[in-house]
Amino acid sequence: MRNLLNFLIKISPLLLFLALETVAVVLMVQRSRYHSYAIISTSNVVSGGLLEASNSVTSYFSLSSVNERLALENSIVRNENEQLKSIITEYEDIISQILPVDSSVIKRDTLQELTHIPAKVIGNTVNKLDNYITLDKGAEDGIKPDMGVICDQGVVGIISTVSKHFSVVLPIINSQSRISCRLDSSRTIGSIVWNGLNPSYASLMEIPRHVFVTKGEKIYTSGFSYIFPEGIPVGVVEEAELKESDSFYKIKVSLSTSFYTLSHVDVISFAEKEELDGLKSVMSVE
Amino acid sequence: MDRTGRYIVLFIVLVLLQVLIFSNINYLGFVCPYIYILFILALPFGFNRYGSMGLAFLLGFIIDMFSNTPGVHIAATVAVAFVRDYWMDWILPHTDVERVEPSLKKLGISNYLRYAVGLVLIHHLILFFAEAWSFSDAWFTILKALVNTVITMLLIICYYLISKR
């Protein structure tokens, strides 16, 4: 008995070491279910708050270039808005000629399908295998897991963890990310994945060999899920390789979003998403 | 300032340096020094092993919190805290080291490098393999660990050149 006790005392540092490592491994295994941890992430109050404070200082350095980009985007959106307005009035005229009813009845009934929630990037990594982006908006601002995130250049990623005031994005440049998108000319659907090396490039998978792929072709979101609307730019085909034995292309994509200089993003909230999710959960239960 | 106070300050300074500056370095896509491990290296020799592993756990937990990598930094840092005493006995067996705070000036450059390089390499290897969570690109992961060990060591040497101790 005494020998056993002595032995246990002698190896107790080893036991503590093994216990702590087990905790670490359990945490690591659980990370693949990326919704499950909110405490050990930048969305918690301590780390999110510190990142926000640090960002409030460092964001001044990039202010002028950010302003320029926002002004450019503003003018593009304003032009688009004018065009859409003129198209709408044109259609209204046509409708009022055909139908004898008041056209405002038809117009007021349309529901806004999606809303953009603007957010600021307060934490961002690009050099890891699993990169994450932290935003300064959270559940209180209407952000929920699985919402799409875009910026003026294109797709950024998908919301993974949300706390009250912060949220964490799983960007394209995370090895766990997988975003559905389509080729511009053939409209073939594939998914974009990242190989963990260069934050400017990713791979487009599942494009079958009968499709004709050209270099420089644009890639957009498919719009098949209520995460991204259709037609948000993802990237451009940089290289398309097809070996004799392969049934799918190996496509290198130059991403349209520059993850190095990310500062302001939009989170996309679909009005019908909850309805669709509810439907899916009902289906999976039955 | 007494010794405990100094270590608390070192802990906070290293965490802030790591999460606010060094974790944001993105040179060539894979250069990222992990300077915070200096805290475990700088603990006095003969320091309570449960204490050093507990501190390593806390340190790893905080860094994990800021980098969205649950468990990865905990595993690497706790391993260094556990191995450190054995490593010390093996690398510098005949020095009278009881309660000495290991630093570049106290151990001398060659002894300190022998002490620190091995531990930093162990830390980085565990860290990058835990992050990759596979052995498929093993050579790339090892290369990453080696390159970043060199950079972390240069930063540690810079720290000792700037500080008075």
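The values are calculated or read from the model by the stated rules, or taken from the named source; none is laboratory data. Since we're looking at a predicted model, the values are computed, not measured. When we count neighbours, we look across all protein chains shown, and the Cβ atoms used for this are built from the backbone with ideal geometry, even at glycine.
Considering each residue of segment A:162-178, count those that are under 15 Å from A:Thr125 (Cβ atoms) and within 12 Å of another protein chain (Cβ to nearest Cβ), and give that number.
If we filter segment A:162-178 for residues that are under 15 Å from A:Thr125 (Cβ atoms), which is where we start, we get A:168-177.
Next, only the ones that are within 12 Å of another protein chain (Cβ to nearest Cβ) stay: A:168-171, A:173-176.
Total meeting the criteria: 8.
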Quick check on segment A:185-233: of everything there that is charged (D, E, K, R) and on the phi > 0 side of the Ramachandran plot, which residue is surrounded by the most Cβ atoms within 10 Å (Cβ to Cβ)? A:Glu206
Only one of B:Ser52, B:Ser23 is over 17 Å from A:Pro13 (Cβ atoms) and crowded, with 19+ Cβ neighbours inside 10 Å; which? B:Ser23
Among the residues of segment A:205-235, which ones are within 23 Å of A:Asn127 (Cβ to Cβ) and either in contact with a helix residue (DSSP H, G or I) (Cβ under 9 Å, 6 or more places away or on another chain) or not small (Gly, Ala, Ser) (or both)? A:Val234
Could you tell me whether segment A:258-265 includes any residue that is over 23 Å from A:Ser160 (Cα atoms), surrounded by 11 or more Cβ atoms within 10 Å (Cβ to Cβ) and in contact with a strand residue (DSSP E or B) (Cβ under 7 Å, 6 or more places away or on another chain)? no
Any pair with Cβ under 7 angstrom, 6 or more apart, that starts in segment A:232-249 at a residue that is within 17 Å of A:Val156 (Cα to Cα) and ends at one that is among the aromatic types (Phe, Trp, Tyr) and surrounded by 16 or more Cβ atoms within 10 Å (Cβ to Cβ): A:Ile232/A:Tyr220; A:Pro233/A:Tyr220; A:Val234/A:Tyr220
Spot the failing condition for A:Glu140; the list is (1) assigned to a loop (DSSP other than H, G, I, E, B); (2) under 21 Å from A:Ser47 (Cα atoms); (3) more than 15 Å from the chain's Cα centre (by Cα); (4) in contact (Cβ under 8 Å) with a residue 12 or more places away in the chain, and only one is missed. (1)
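Results for (1) outside any strand (DSSP E or B); (2) under 30 Å from B:Ala138 (Cβ atoms); (3) of a type in the set (Val, Ile, Thr); (4) touching a Gly at 6+ places or on another chain (Cβ under 8 Å), shown as yes or no for each residue.
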position: A:Ser160; (1), (2), (3), (4): no, yes, no, no
position: A:Gln176; (1), (2), (3), (4): yes, yes, no, no
position: A:Ser191; (1), (2), (3), (4): no, yes, no, no
position: A:Gly216; (1), (2), (3), (4): yes, no, no, no
Identify the residue in segment B:32-66 that is part of a loop (DSSP other than H, G, I, E, B) and either more than 7 Å from chain A (Cβ to nearest Cβ) or of a type in the set (Asp, Glu) (or both) and, among all such residues, is farthest from B:Val83 (Cα to Cα). B:Pro33
Single residue of A:Glu92, A:Glu68, A:Glu21, A:Glu113 found to be surrounded by 10 or more Cβ atoms within 10 Å (Cβ to Cβ) and at pLDDT 85 or above: A:Glu21
Go through segment B:67-165 and tell me which helices (runs of 4 or more DSSP H), entirely inside it, have 3 or more residues that are among the aromatic types (Phe, Trp, Tyr). B:72-91, B:109-132, B:138-162
Report, by residue number, each residue of segment A:40-55 that is more than 7 Å from chain B (Cβ to nearest Cβ) and in contact (Cβ under 8 Å) with a residue 12 or more places away in the chain. A:Ser43, A:Val45, A:Gly48, A:Leu51, A:Glu52, A:Asn55
Report whether or not B:Ala75 is within 25 Å of A:Thr42 (Cα to Cα), small (Gly, Ala, Ser) and free of Cβ contacts under 8 Å to residues at least 60 places away in the same chain. yes
